[in-house]
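Below is one structure, written out as structure tokens, with a few remarks after it.
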């Protein structure tokens with residue numbers, strides 16, 4: 001009888017330990033957004049102005065994640081021609097574009113991004129976090145909200161419409177350049193990526 005009680009107590013402690021470890025791991029994963037775009041987030045149930053805009057931004061996040069995953073030092077310095085940006089300069093430009101985006105949805109003016117001293121990994125993490133934050137804001141937005149999300153620069157101001165065909169579309173375009181540049185340099189992206197499904201096959 002005593003032996004059974006001891007075994008039951010041990011089982012309770014074991015199960016409690018499992019629960020605590022699971023919660024700690026879950027919390028750590030929720031707090032770490034570095035791998036947020038390893039796959040594209042589940043799409044919303046409702047179609048509206050905000051969720052459609054957010055899905056466009058999530059598509060950028062997924063493509064950027066895999067376009068920049070596993071870049072080597074020699075990839076960052078690669079440029080296709082003398083007058084073109086190299087890969088790291090293109091990454092800097094995309095970071096600026098995503099900062100314009102996240103500032104707009106937070107109704108803040110864009111005054112540039114301080115990149116001095118940032119490593120490639122830090123720039124990448126900051127870009128992905130900008131994309132994630134902008135997407136979360138847009139998922140909770142409606143048409144009236146989007147009308148307030150102007151791009152504000154020191155000398156000009158543009159409506160959300162221009163944010164779509166400007167910085168968002170431009171960032172997607174530049175991610176495509178990075179993917180092409182790294183393939184040319186002998187370091188293609190993971191071949192199991194499905195941009196249609198937003199998943200890694202297999």
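No lab work stands behind these numbers, since they all come straight from the coordinates. Computed from a predicted model, the values in this text were never measured in an experiment. Here Cβ is always computed from backbone atoms with ideal geometry, including for glycine, and neighbour counts include all displayed protein chains.
Mind ranking 134-146, 91-103, 61-73 by how tightly packed they are, going by the mean number of other C-beta atoms within 10 angstrom, highest first? Provide the component values of the computation, followed by the final result.
Values: 134-146: 17.6, 91-103: 22.2, 61-73: 19.8.
Most protected by this proxy first, the peptides run 91-103, 61-73, 134-146.
State, to one decimal in nm, how far the label point of residue 82 lies from the label point of residue 180, with both points 7 Å from Cα in the Cβ direction.
Once both label points are built, they end up 2.1 nm from each other.
Treat each spin label as a single point 7 Å out from the Cα along the C-beta direction, and report the residue 69 to residue 38 distance in nm.
0.8 nm
How would you rank 190-199, 36-45, highest first, on the average number of other Cβ atoms within 10 Å across their residues?
On the way: 190-199: 12.1, 36-45: 14.7.
Listed from highest to lowest mean packing, they are 36-45, 190-199.
State whether segment 101-202 is rounded, prolate or oblate according to the following rule on the C-alpha gyration tensor (a ≥ b ≥ c being the square roots of its eigenvalues): a/c under 1.5 gives rounded; otherwise a/b larger than b/c gives prolate, and the remaining case gives oblate.
Working: a/c = 2.14, a/b = 1.55, b/c = 1.38.
Taking the square roots of the gyration eigenvalues as a ≥ b ≥ c, segment 101-202 is prolate.
Just grab the label-to-label distance for residue 45 and residue 125, each label 7 Å out from Cα along the Cβ direction, in nm (one decimal).
3.6 nm
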